[in-house]
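All remarks here apply to the structure that follows.
The values are calculated or read from the model by the stated rules, or taken from the named source; none is laboratory data. Remember, predicted model here, so these are calculated numbers, not experimental data. Ideal geometry is used to build each Cβ from the backbone, glycine not excepted, and the neighbour counts take in all protein chains shown.
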Amino acid sequence: MRTLARILTTFATALLVDAVILIVSGRSPIAVYGLLWQQAFGSTSAFADTLLNATPLIFTGVATALAFQAGVFNVGVEGSMYMGAFAAAWVAFTLTTLPWWVLIPLAFLGSAVAGLLWALLPAVLKAYLQVDEVVTTLLLNYVAIDITAYLVTYPFLAPGAANSMSVPIASQAELPRLVASSQLNAGFLVAVAVAIVAAWLIRRSVLGFEIRSLGQNPWFARTMGIPLARTIVAAMCVSGLIGGLGGATQVLGVNYRFVQGFSPGYGFDGITVALMANNNPIGAIVGAVLIGALRNGGTTMQLFTNIPLDLVNVLQAIVILLVTVNVGFRIRSRGWRRKQEAKTAS
Amino acid sequence: MLLNVLASTLDSATPLLFAAMGGIIAQQAGMLNIGIEGMMLAGAFGGVLVSYLTGSVPLALLGAMGTAMLVGLIFDFFVVTLRANLIVVGLAINILAVGATGYILPVAFNVQGAFAPPGLRGLGAVPMGWLAGVPVLGRLLEGHTVLVYLSWISVFVTALVLRHTVWGIRVRAVGEDPEAARASGIPVKSIQYGAILMCAAIAGLAGAQLSLGELTLFNKAMTGGRGFIALAAFFFGGFRPSGTAVACFVFGFFEALQYRVQQIGIPPQLIETLPYISVVLALASMQIVRAWRRRRATNAQ
């Protein structure tokens, strides 16, 4: 509940700051926000589109949140998503004779494996060689984007396609739509399910306990006998796995093929979501819906008014900045308190 | 052909050199600046804006540095004063820069897409004079902006400042151990502010090279990940100007190669991955060597 309050207050503050920007550029914040609200929630199709936009963000948000809980700064979920997406697409356009109840799970499995493997390299480098994971995961994102771009521009390019994209997936692999008026599909349900499983994992499982201990106090965790290196790898692998699933959902539910550069930064948005939700997977659903609402509303807003979608980017950046200040204060006071306790204990 | 690629390499390396040198300064102050990309973009924007409004190139360069420093100030405020997470603020700065420039252009100037007002004064090429006649060197050095040469100088200046000036030594002290630095009377926060502002200013010049150099326009996607490549470069170079400069030229070479290589049939996307992969490999090998050395030391005891 506290997380929910945090998410909403941070968001509200960011909206206030953005309102100032709007006023300065001669627009009424009330009108703009009203429009945003309407485009994001005002009708069934609008709300469905918001959930559609939120779906990948739930995956990337949960993925990032789990890694963050282990104290591992995995900013490479975007890369895992790309690899997972391509794997799912490959399964779905290659094994076209399989029935849907085999093909779809198989595609998801492929994406999970691909996403996991992609996160494995930086995970091992960090766990056993202490290579900073921020740099490796950040840069490997671009490698993933480039490799998959290469794959659909050359070997897997759909014949006769103008853009770099693969052949369409088998029709039985397409995820069913949930609402007639939108592209919202079963992938959203998968996303929520994954978030719930992740919440269970982090709160009730042994691995979840190890991850949280590692994140809160690595030294103490080691004293308790938790194998640090293995936990780091496990956290990163789960993170990559979920990211991969996110990619599969985009392929099977929205694009029905692999398209070069299909993600407008879902992975990075996932970082925003994870931060907003304080790394809580269920909170990530809320955060994802909020950001999804912004993106959906903003896109439509751009079409009908001439307010550029970039306003949403600015808003998002402000949200991130505010959230991280929040987190910074909490961590500092906790660390300071612990230091005081340590001093008095010795 | 090779000569053309080498000449392009010099152009491509310039923004990387500036950005990487700035990054080194920030890094030596203990702050990994992920936001270099955003600062570069801000500089590119500022440069074009001031050139458009005043028609003066020197003012445009100042404008580039100034705009980037503004972004640096935001970074400083959140990281140094509010103690927020460095990496996250850096990422946010990048998003902010893209969003802000993407928002200001249509709203204030009624521009869609790229901003390329006719008659925009760019940096222009440095005239070669008698050098143009020289066989290899002439071709290599023609058509570069003044910033290209300035970027080479910046490598030496950065090394000099960090090693032989009081400020530079203080910066390194702060990066090494902020507590000890504070105890010896160094104003840690001011130094950190200054280091980032310096980094931002130089990154602004990198941006100016992009928007006022060969092309004279601004596009919010202009930096194209170069800030991260600069990051890769100074990681590769062990945070020292010399190694980093080498990395910048190598990566600049890859970039120049990308454009030509398509004609031979090598996919440019794969070439694009080279800088990133090489950094990951370099970091891994650095750590392997370190671990190996440590094991040797303990075995010897």
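State which residue is nearest to B:SER285 (Cα to Cα) when the search covers only segment A:103-123 and only residues that are more than 10 Å from chain B (Cβ to nearest Cβ) and not aliphatic (A, V, I, L, M). Even if it seems obvious, please write down each step before you answer.
Applying the first criterion (more than 10 Å from chain B (Cβ to nearest Cβ)) to segment A:103-123 yields A:103-120, A:123.
If we keep only those that are not aliphatic (A, V, I, L, M) as well, we get A:105, A:108, A:110-111, A:115, A:118.
Details: A:PRO105: 39, A:PHE108: 34, A:GLY110: 31, A:SER111: 30, A:GLY115: 24, A:TRP118: 19 Å.
If we take residues in segment A:103-123 being more than 10 Å from chain B (Cβ to nearest Cβ) and not aliphatic (A, V, I, L, M), then A:TRP118 is nearest to B:SER285 (Cα to Cα).
Identify, by number, the condition in (1) modelled with pLDDT of 85 or more; (2) within 7 Å of another protein chain (Cβ to nearest Cβ); (3) closer than 17 Å to A:TYR142 by Cβ that B:ILE288 doesn't meet.
For B:ILE288, the exception is condition (3).
Does segment A:151-159 contain at least one residue that is more than 30 Å from B:LEU281 (Cβ to Cβ), assigned to a loop (DSSP other than H, G, I, E, B), more than 22 Å from the chain's Cα centre (by Cα) and modelled with pLDDT under 95? Quick ask: steps written out before the conclusion?
Here is the first cut: in segment A:151-159, the residues more than 30 Å from B:LEU281 (Cβ to Cβ) are A:158-159.
The next check asks that each one be assigned to a loop (DSSP other than H, G, I, E, B); those that pass are A:158-159.
Then drop every residue that is not more than 22 Å from the chain's Cα centre (by Cα), which leaves A:158-159.
Keeping just the survivors that are modelled with pLDDT under 95 gives A:158-159.
Yes; the residues of segment A:151-159 include at least one that is more than 30 Å from B:LEU281 (Cβ to Cβ), assigned to a loop (DSSP other than H, G, I, E, B), more than 22 Å from the chain's Cα centre (by Cα) and modelled with pLDDT under 95.
All but one of (1) under 22 Å from A:VAL319 (Cβ atoms); (2) surrounded by 15 or more Cβ atoms within 10 Å (Cβ to Cβ); (3) β-branched (Val, Ile, Thr) hold for A:VAL20; state the number of the condition that does not hold.
(2)
When you scan segment B:191-200, do you find a residue that is without any contact (Cβ under 8 Å) to a residue 40 or more places away in the chain and either out of contact with any Phe, Trp or Tyr (no Cβ under 8 Å at 6 or more places or on another chain) or within 16 Å of B:LEU10 (Cα to Cα) (or both), even just one?
No, the conditions are met nowhere in segment B:191-200.
Name every residue in segment A:291-306 that is surrounded by fewer than 21 Cβ atoms within 10 Å (Cβ to Cβ) and more than 7 Å from chain B (Cβ to nearest Cβ), in order of residue number. Write out each step before concluding.
If we filter segment A:291-306 for residues that are surrounded by fewer than 21 Cβ atoms within 10 Å (Cβ to Cβ), which is where we start, we get A:299-300, A:302-306.
Answer for segment A:291-306, where residues must be surrounded by fewer than 21 Cβ atoms within 10 Å (Cβ to Cβ) and more than 7 Å from chain B (Cβ to nearest Cβ): A:THR299, A:THR300, A:GLN302, A:LEU303, A:PHE304, A:THR305.
Please determine, by comparing only the residues of segment A:307-346 that are of a type in the set (Val, Ile, Thr) and modelled with pLDDT under 55, which one is surrounded by the fewest Cβ atoms within 10 Å (Cβ to Cβ). Walk me through how you get there before you give the answer.
Narrowing segment A:307-346 to residues of a type in the set (Val, Ile, Thr): A:307, A:312, A:314, A:318-320, A:323-325, A:327, A:331, A:344.
Retained after the next criterion (residues that are modelled with pLDDT under 55): A:331, A:344.
Details: A:ILE331: 13, A:THR344: 7.
This residue is A:THR344.
Please note which helices (runs of 4 or more DSSP H) are completely contained in segment B:19-128 and include at least 2 residues that are within 21 Å of A:GLN316 (Cβ to Cβ), within 14 Å of chain A (Cβ to nearest Cβ) and β-branched (Val, Ile, Thr). It would help to see each step written out before you state the result.
Values: elements: B:36-54, B:57-76, B:86-109.
Qualifying helices (runs of 4 or more DSSP H): B:57-76, B:86-109.
Residues of segment B:219-243 being hydroxyl-bearing (Ser, Thr, Tyr) and in contact with a Leu (Cβ under 8 Å, 6 or more places away or on another chain), which ones? If you could, list the steps in order and put the result at the bottom.
So the first thing to find is which residues in segment B:219-243 are hydroxyl-bearing (Ser, Thr, Tyr), and the list is B:223, B:242.
If the condition is that a residue be hydroxyl-bearing (Ser, Thr, Tyr) and in contact with a Leu (Cβ under 8 Å, 6 or more places away or on another chain), then B:THR223 is the only one that fits.
B:ILE93 versus (1) closer than 30 Å to A:GLY267 by Cβ; (2) out of contact with any Gly (no Cβ under 6 Å at 6 or more places or on another chain); (3) modelled with pLDDT of 85 or more: which is the lone unmet condition?
(2)
To keep it simple, each residue is scored yes or no on (1) assigned to a helix (DSSP H, G or I); (2) closer than 24 Å to B:ILE93 by Cα; (3) in contact (Cβ under 8 Å) with a residue 24 or more places away in the chain.
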| position | (1), (2), (3) |
| --- | --- |
| B:LYS220 | no, yes, yes |
| B:THR223 | no, yes, yes |
| B:ILE229 | yes, yes, yes |
| B:PHE254 | yes, no, no |
| B:ARG260 | yes, no, yes |
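B:VAL107 fails exactly one of the following numbered conditions: (1) under 27 Å from the mean Cα position of the chain (by Cα); (2) at pLDDT below 85; (3) crowded, with 17+ Cβ neighbours inside 10 Å. What is the number of that condition?
(1)
Grab the helices (runs of 4 or more DSSP H) fully contained in segment A:24-123, keeping just those with 3 or more residues being buried (at least 24 other Cβ atoms within 10 Å of the Cβ), at pLDDT 90 or above and under 19 Å from the mean Cα position of the chain (by Cα). Show your work before the answer.
Working: elements: A:29-41, A:44-69, A:77-94.
Correct list: A:44-69, A:77-94.
A quick yes/no check of all residues on (1) among the small types (Gly, Ala, Ser); (2) surrounded by fewer than 22 Cβ atoms within 10 Å (Cβ to Cβ):
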| residue | (1), (2) |
| --- | --- |
| A:VAL192 | no, yes |
| A:ILE202 | no, no |
| A:SER205 | yes, yes |
| A:PHE209 | no, yes |
| A:TRP219 | no, yes |
| A:GLY225 | yes, yes |
| A:ALA234 | yes, yes |
| A:LEU241 | no, no |
| A:GLY244 | yes, no |
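Regarding B:ALA159, is this residue aliphatic (A, V, I, L, M) and crowded, with 21+ Cβ neighbours inside 10 Å? Show your work before the answer.
Numbers: aliphatic (A, V, I, L, M): yes; crowded, with 21+ Cβ neighbours inside 10 Å: no.
It is false that B:ALA159 is aliphatic (A, V, I, L, M) and crowded, with 21+ Cβ neighbours inside 10 Å.
Give the residue that is nearest to the other protein chains (Cβ to nearest Cβ), with candidates limited to residues of segment A:124-149 that are outside any helix (DSSP H, G or I) and within 22 Å of B:GLY225 (Cα to Cα). Even if it seems obvious, please write down each step before you answer.
At the first step, the residues of segment A:124-149 found to be outside any helix (DSSP H, G or I) are A:130-132.
Checking which are within 22 Å of B:GLY225 (Cα to Cα) leaves us with A:131-132.
Numbers: A:VAL131: 5, A:ASP132: 7 Å.
Filtering first and then ranking leaves A:VAL131.
Which of the following residues is within 12 Å of chain B (Cβ to nearest Cβ) and either within 17 Å of the chain's Cα centre (by Cα) or polar (S, T, N, Q) (or both): A:GLY240, A:GLY270, A:GLY253, A:GLY244?
Details: A:GLY240 fails: within 12 Å of chain B (Cβ to nearest Cβ); A:GLY253 fails: within 12 Å of chain B (Cβ to nearest Cβ); A:GLY244 fails: within 12 Å of chain B (Cβ to nearest Cβ).
One residue alone meets the criteria, A:GLY270.
Here is a yes/no grid of residues against (1) of a type in the set (A, V, I, L, M, F, W, C); (2) in contact with a Phe, Trp or Tyr (Cβ under 8 Å, 6 or more places away or on another chain):
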position: B:THR9; (1), (2): no, yes
position: B:THR14; (1), (2): no, no
position: B:ILE24; (1), (2): yes, yes
position: B:GLY30; (1), (2): no, no
position: B:LEU53; (1), (2): yes, no
position: B:VAL57; (1), (2): yes, no
position: B:GLY63; (1), (2): no, no
position: B:MET69; (1), (2): yes, no
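State whether the residues of segment A:172-187 include one that is touching a residue at least 60 places away in the same chain (Cβ under 8 Å) and within 11 Å of chain B (Cβ to nearest Cβ). Outline the logic, then answer.
Quick first cut of segment A:172-187, residues touching a residue at least 60 places away in the same chain (Cβ under 8 Å) only: A:172-175, A:178-179, A:181-187.
Filter once more, keeping what is within 11 Å of chain B (Cβ to nearest Cβ): none.
No, segment A:172-187 has no match at all.
Taking segment A:246-262 as the search range and keeping residues that are closer than 25 Å to A:ALA317 by Cα and surrounded by fewer than 24 Cβ atoms within 10 Å (Cβ to Cβ), which one is modelled with the lowest pLDDT? Before the answer, list the steps.
Pass one, segment A:246-262, residues closer than 25 Å to A:ALA317 by Cα: A:246-247, A:250, A:261-262.
Remaining after also requiring surrounded by fewer than 24 Cβ atoms within 10 Å (Cβ to Cβ): A:261-262.
Working: A:GLY261: 86, A:PHE262: 90.
By that ranking, first place goes to A:GLY261.
Determine, yes or no, whether B:ALA208 is buried (at least 23 other Cβ atoms within 10 Å of the Cβ) and either more than 14 Å from chain A (Cβ to nearest Cβ) or touching a Ser or Thr at 6+ places or on another chain (Cβ under 7 Å) (or both). Outline the logic, then answer.
Details: buried (at least 23 other Cβ atoms within 10 Å of the Cβ): yes; either more than 14 Å from chain A (Cβ to nearest Cβ) or touching a Ser or Thr at 6+ places or on another chain (Cβ under 7 Å) (or both): yes.
Yes, satisfied.
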